[in-house]
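Worksheet for the structure shown next.
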Amino acid sequence: MCKLSQLAIKLLLRDWRSGELKVLFLSLVIAVASVTSIGLFSQRIDRSMNHQAGEFLGADLILNGTTSLDEDNLSEARKHNLKTSQTISFSSVIVANDEFQLAHIKAVDKNYPLLNSIRISDEPYGDEQVSYSGPASGEAWLAPRLISALKVSLNEYIEVGQIQLKVTAILKHDPGQTTSLISIAPRLLMNISDVVNSGIVQPGSRVTYSQLFTGTLADRQSFEKWLKPELKADETLVGGTESSQAINSAVEKARQYLSLASMLSVLLSGIAIAMSANRYAQRHYDQVALMRCIGSTQSNILQIYITQLILLGVTAAACGVVTGYIAQQMLSLLLHDVFSSQLPSAGVYPYIIGFMSGFITLIGFSLPAILRLRSVSPLRVLRHELSPLPIQAWLVYSLAASSIVLLMWWQSGNLTITLLVMTGTFLCILALLVLSILLTTLSRILYPTLSGPWKLGLQQILRNQRQNQLQILSLGLSLFILMIIYLIHSDLLDRWKNQLPDNAPNHFVINIQQYEIEPVRSFLKSRQIYTEGIYPMIRGRITSINGKLVSEMATETKKLDPALKRDLNLSWMNKLQQNNRILRGNWFDANSNGKPLISIEEGLARRLNLVMGDNLIFSIADQRIVATVHNIRKVDWESFQPNFFIIFPENVINKFPATYISSFYLDKTEKKLLNELIREYPTLTVLELDDIMNQVRSIMDKVSAAIKFVMLFVLVAGLMVMTASIQSSMESRSRNAAIMRTLGASRSYLRNSLLAEISLLGIFSGLLAVIGTEFIAYLLYLKIFDLDYQLHITLWITGPLIGISIILLTSWIYLRKIPDQSPVKILRYS
């Protein structure tokens, strides 16, 4: 080890023993621990939500195709240690007791389902039993509507093609049925070995072949990487979050909440590290001047302090990573009741991100100060002056800021949210500049009217304007981030939960015929069952977009969107549904009736690159309908109301045969009413959505728990920012207090003026934080989370009060002894 490195270590140990590095080291540890623990916990929750969503599919990955799937896929899956299962889905007419009924048949092998279980019953809406495998050969499990339509009972036989199958159970829930909330035909589950003998599947038959896969995350990712380039034009790969629009939307929104909270912790940690590192460098200017006087060169200075930073950064980052791991493990234990099963383990990325966020932030924001250390003149021993900040330092500042933005983007995985938060931070800085001007103006008006400690406190703020601007900025940003985290948990999250109330529809009724609309509505009304409406539904397929056939769009490099490979659920109506919102264009008016116009869901429009005025051709019942995009809608898929990708105005597709759909809420104690509904209207199909709704609520509970955890770490990081800010002003405050004591000021007068100064700083910082919070909240509500924005009046009152309380508490711990210190001792060593 060279002499300079040894000297660097000795100086580092000396500074540590003197307590000078403890705040910096603790800031680094807290920063890395918060980022690491949040990253670990968020990733574990994310994997847990994906796993639970996968349980609704019965597998982690499903490969669907319209032709028999390649056996090489199964061989490769086994090489990647994945468990596999195969299913075949098709529609066919079932016969029993001289009754005929179209059914959606799913043939499964002995391994199905790979995840979750199948629930069966002995009566249509009776007590459920759990089965971890499908029916045996020669058996069939029927949905309640099939039982009613075919008038069969358990242990009786039905005809499926050329064979007879024994009905051994009533199918209540099949994991794969949640891939779509709407299925035209009731379901039947049979054994895959009976398909060949049934004679139903022939060349040219409309059949969906599926291969299901499950295994460890690493094995799945490796297999998926191999599989995607091998996919054919008619094949699609579905993951766990694609189980339903509602679950997919909930998981995506959960990721947004967690990524926003995690990213804010990165920003706050960066502020704490930057302030502590800058103070550490400033306190070594005199030491460097003495070293220059005894012959140290600029390169020597640079090497010594870079070595110190590297040693400090590596040690603190390592301690932070370990602390973060322990913290998230403790949290997992404390919140085990929230999770139905043990959380899956996380990968290595949170550790890497945590380590790098602390280390890069420390190096990045310390280098400008170190560059200035290198240029300290030996004359500083006699004159306390510094050379101007070199141009290279500003470049390093820019690189450091860029690195923080990249780290935040890496941490959040969402560029839009990252840019919004950075915009809010930049606006807070601008607000600080405006505030400093207002303070100057305010001093001219208020200063003559004040007296006593308040006058002295305001005078101290105005006298050290640059230093106090930095304090207001750092304290304001800390409060700003704490308020955003609080807002996420108490407001945004509550609003999200309220979007799914306890009485949200948990049943869909489909296949309602036109002549049954009024009787069904009367049935529901007589039993006090509320429904938003009964909507028409027609199946249609997009065959052309702006004159280009869909069949010509698929290439080797661009796969068709799933919406172009299947029939879509189309509807018509003149009144916009409550859970829909127009983004572009206008809703249909009286002049729209009979015109070939469509309203399209914004997600589908985005995927198909559709804009206002584009033309689509639909194939409906073997007829062509040419329609123009009239407006684009935002659909709340979590409302559990009937929703449609495509909506026409009245009198355009009404001529085609349609069925009707509705949804309603029914308590568990009232499930028997479903038996009555099916007996009275045997052609109806009732879909129970309790499992999907419970899944969405489970996701909400987990996000709520994670946000509380984030708030704890962000609070500690915010306190460290305040501590670093206050410590940076201790020397000047002590010197001012000593001068005031020398001039005759009493201890109580100094103490009161100090409290007044700190209170004013708290008020200004709190107002600054509220302004930034309101701006970011406006952007988040409208642009990210699709919620209505309203001004937070209580925040304007509580913000400054919270600012005063936190700053007073933190400041008084460090500044309470200043009025009692000896003026002679302070002035002698200043």
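Here are a few things to note about the model shown:
- Sequence ranges 747-758, 32-43, ranked by mean other-Cβ count within 10 angstrom, highest first: 32-43, 747-758
- Our estimate of slack between Asn609 and Glu230, defined as 0.36 nm per intervening residue step minus the Cα-Cα distance, is 133.9 nm.
- The packing ranking, built from the mean of other Cβ atoms within 10 Å per residue, places the peptides 289-302, 214-227 in the order 214-227, 289-302, highest first.
- For Ile529, no residue 5 or more places off, or on another chain, has a built amide H under 5 Å of its own.
- For the residues Met275, Met422, a 1.4 Å probe over the protein chains yields an accessible-area ranking, largest first, of Met422, Met275.
- Distance violations [Cα-Cα > 29 Å] among Lys232/Lys548; Lys83/Lys671; Lys595/Lys634; Lys172/Lys228; Lys83/Lys672: Lys83/Lys671; Lys172/Lys228; Lys83/Lys672
- If you sort Lys22, Lys10, Lys106 by accessible surface, 1.4 Å probe, largest first, the order is Lys10, Lys22, Lys106.
- Rounded to the nearest 10 Å², the accessible area of Ile763 at probe 1.4 Å: 60 Å²
- Annotation for the stretch 585-635 versus the stretch 211-238: alpha-carbon center distance of 34 Å.
- Once backbone amide H atoms are built at 1.01 Å from N, Ser544 has Val550, Ile617 as its partners under 5 Å, excluding neighbours fewer than 5 places away on the same chain.
The values are calculated or read from the model by the stated rules, or taken from the named source; none is laboratory data. As the structure is a prediction and not an experimental result, all values here were calculated from the model. Using ideal geometry, Cβ is built from the backbone for each residue, glycine included, and neighbour counts are taken over all protein chains shown. The area values use the complete protein model at the heavy-atom level, side chains included, leaving out ligands, DNA and RNA. Shrake-Rupley method; radii C 1.70, N 1.55, O 1.52, S 1.80 Å.
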